[in-house]
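J.: Pasting a structure below so you can have a look.
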Amino acid sequence: MAIEYLKRGKSDADRAEDDAKTRAVVEATLKDIETRGDAAVRELSEKFDNYSPASFRLSQQEIDDLIAQLSDRELADIKFAQAQVMNFARAQRASMTDIEVETLPGVILGHKNIPVQSVGCYVPGGKFPMVASAHMSVATASVAGVPRIIACTPPFQGKPNPAVIAAMHLGGAHEIYVMGGIQAIGAMALGTETIDPVHMLVGPGNAFVAEAKRQLFGRVGIDLFAGPTETMVIADETVDAEICATDLLGQAEHGYNSPAVLVTNSRKLAEETLSEIDRLLGILPTADTARVSWQDYGEVILCDSYDEMLQVADEIASEHVQVMTDRDDWFLENMTCYGALFLGPRTNVSNGDKVIGTNHTLPTKKAGRYTGGLWVGKFLKTHSYQKILTDEAATLIGEYGSRLCLLEGFVGHAEQCNVRVRRYGGINVPYGAPAPYRDAAE
């Protein structure tokens with residue numbers, strides 16, 4: 001194996017130090033929100049967003065006025081993108097069926113898919129108004145049938161962004177708040193004097209938002225750890241440096257800590273992509289952000305073979321993986337750890353981010369090893385139930401249950417079974433004794 005790094009990003013130790021600083025800030029801030037509620041939220045909003053309205057929640061009139069600021073074309077584009085996301089979410093929802101089966105005569109087992117009862121959707125927007133994130137969280141929760149959907153987004157340039165608010169409203173949000181960062185996450189999860197807490201938090205965000213969700217997990221549910229954007233390009237000589245560099249920088253512009261990684265088996269493509277990135281950074285309007293991100297978190301990894309490319313890709317488990325090779329479907333068949341795949345040069349991460357219909361809230365920081373991205377199923381809880389309809393079934397299951405409980409030493413558990421054996425089977429089982437073994441029970 002000869003994996004070679006032509007460019008490396010920050011070391012793991014440096015990244016861990018950054019994470020530790022973030023953890024401390026988030027912990028103190030959440031404690032303050034829990035203690036002081038609305039007052040803490042307002043102070044944080046004034047400090048970080050220079051925003052302190054009479055009410056953070058938008059009224060219906062305010063929502064209508066904001067939507068009215070959009071052109072017909074802008075509104076149509078938002079509705080088109082939202083329709084694609086909802087169409088795919090409906091197809092996914094249809095794949096999740098309730099079941100009820102008779103596993104033994106008289107024994108009925110089943111499960112029901114029940115929506116989470118309240119969800120807080122975070123839509124980033126302080127630096128760029130992330131209109132599409134509203135589709136991914138709010139509209140998808142709506143398809144799942146969540147009865148209370150609240151949405152938070154930070155002010156953009158000192159005021160609510162009309163396009164983001166329109167997407168939230170059209171997606172089905174019941175309450176819309178203009179607040180961002182830790183204060184929004186804390187307010188939704190912990191509750192304040194004016195905001196009832198939710199059962200679940202969803203949506204991407206910066207490192208502070210991701211860490212706030214991590215610290216609140218358990219108290220509320222979360223979709224996944226969705227921190228700063230990550231992208232990976234897996235490419236061979238079937239594509240050129242321009243398309244590789246464009247796809248890498250297209251995600252690096254998200255923030256100052258967005259990893260972008262090229263994995264290739266072509267030294268020529270690797271070196272040309274490095275040069276092309278330098279060229280594009282000279283003309284990209286968002287280069288001030290993308291340059292820092294590429295400098296600190298960009299990597300170029302040269303491999304000997306496709307098998308090595310696959311191994312490296314699965315180890316990194318990137319959020320977005322753009323595959324442009326002579327065997328794209330081979331990567332689809334064999335990759336196991338990632339957020340979402342974008343297959344072939346005609347496809348790109350921006351498709352998934354904005355309009356194609358798949359959900360763009362995806363796992364970061366290697367979470368793709370154990371979870372996929374946000375989808376309609378994340379808003380549904382699969383709850384099992386069971387019922388026994390006959391005396392014979394109650395006796396049969398009770399006898400096995402009695403003996404198995406005592407095998408573990410749980411006498412009280414065994415008696416739950418024994419009382420049914422006595423009552424429905426007419427079998428005299430002494431208190432705390434195992435049910436007798438009968439040939440009929442085999």
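J.: Hey, what's the range 3-49 come to in accessible area per residue, 1.4 Å probe, Å²? If you can, show how the numbers build up before the last one.
T.: Details: 2960 Å² over 47 residues.
On a per-residue basis, 63 Å².
J.: When ligands, DNA and RNA are left out and all protein chains stay put, how many square angstrom of accessible area per residue does the range 326-425 have with a 1.4 Å probe? Show your work: numbers first, answer last.
T.: Numbers: 5500 Å² over 100 residues.
Solvent-accessible surface per residue comes out at 55 Å².
J.: Short version: ³J(HN,Hα) in whole Hz for each residue of the range 338-344, in order, from phi by Karplus 6.51 cos²θ - 1.76 cosθ + 1.60 (θ = phi - 60°), x for Gly and Pro, what are they?
T.: Computed from phi, the couplings for the range 338-344 are 5, x, 8, 9, 10, 9, x Hz.
J.: Once R0 is set to 35 Å, what does the formula 1/(1 + (r/R0)^6) return for the Cβ-Cβ distance between Glu27 and Asp307, expressed as a FRET efficiency to the nearest 0.05?
T.: Here the calculated transfer efficiency is 0.25.
J.: Placing +1 at every Lys and Arg Cβ and -1 at every Asp and Glu Cβ, with all other atoms neutral, what dipole size does the chain have around its Cα centre, in debye to the nearest 20?
T.: Values: 40 positive and 59 negative charges, 311 e Å.
That gives the chain a dipole magnitude of about 1500 debye.
J.: Given the Cα-Cα distance of Gln84 and Lys387 and 0.36 nm per residue of separation, how much length would full extension add, in nm?
T.: 105.0 nm
J.: Using a 1.4 angstrom probe with every protein chain in place, what is the largest-first accessible-area order of Cys417, Cys152? Write out the running numbers ahead of the final one.
T.: Values: Cys417 25, Cys152 0 Å².
Largest to smallest exposure gives the sequence Cys417, Cys152.
J.: Can you pull out the GluC sites (Glu not before Pro) in the range 1-80 whose DSSP state is coil and whose Cβ has at most 13 other Cβ atoms within 10 Å? All intermediate terms of the calculation are to be shown ahead of the outcome.
T.: Values: sites: Glu4, Glu17, Glu27, Glu34, Glu43, Glu46, Glu62, Glu74; in loops: none.
The qualifying sites: there are none.
J.: Then there is this: Taking the simple approach of a point 7 Å from Cα along Cα-to-Cβ for both Thr336 and Lys127, what is their distance in nm?
T.: 3.4 nm
J.: Let me ask something additional. To the nearest µm²/s, what D does Stokes-Einstein give for the chain at 4 °C and 1.567 mPa s, using the Kirkwood radius over alpha carbon pairs as Rh? Walk me through the numbers on the way to the answer.
T.: Working: Rh = 24.5 Å.
Result for D is 53 µm²/s.
J.: Of Lys79/Lys354; Lys213/Lys378; Lys47/Lys366; Lys354/Lys378; Lys112/Lys378, which ones are farther than 22 Å apart at the Cα?
T.: Lys47/Lys366
J.: Multiply the residue separation of Arg327 and Gln60 by 0.36 nm, subtract the distance between their alpha-carbon atoms, and state the gained length in nm to one decimal.
T.: On the way: separation 267, 0.36 × 267 = 96.12 nm, distance 5.14 nm.
Full extension of this stretch gives 91.0 nm more.
J.: Let me ask another. Probe of 1.4 angstrom, ligands and nucleic acids ignored: what's the accessible area per residue over the range 227-317, in square angstrom? Write down the numbers at each step before the final one.
T.: Values: 3420 Å² over 91 residues.
Roughly 38 Å² per residue, with all protein chains present.
J.: Give me the percent of accessible area attributable to carbon and sulfur for the chain, probe 1.4 angstrom.
T.: 52 percent
J.: For the range 177-280, which trypsin sites (Lys or Arg not before Pro) are both in a DSSP coil and crowded by at most 14 other Cβ atoms within 10 Å?
T.: Those satisfying the criteria are Arg219.
J.: What residue among Leu216, Leu66, Leu396 has the largest mean-square fluctuation in a Gaussian network model of the chain, using Cα springs under 10 Å?
T.: In the Gaussian network model the winner is Leu396.
J.: Moving on to the next point. Would you work out which of Tyr122, Asn418, Pro228 lies farthest towards the positive end of the dipole of the chain, given +1 charges on the beta-carbon of Lys and Arg and -1 on that of Asp and Glu, about the Cα centre?
T.: Value: Asn418.
The values are calculated or read from the model by the stated rules, or taken from the named source; none is laboratory data. As the structure is a prediction and not an experimental result, all values here were calculated from the model. Backbone-built Cβ (ideal geometry, glycine too); neighbour counts: all protein chains shown. Please note that ligands, DNA and RNA were not included when accessible areas were found on the heavy atoms of the full protein model with its side chains. Shrake-Rupley method; radii C 1.70, N 1.55, O 1.52, S 1.80 Å.
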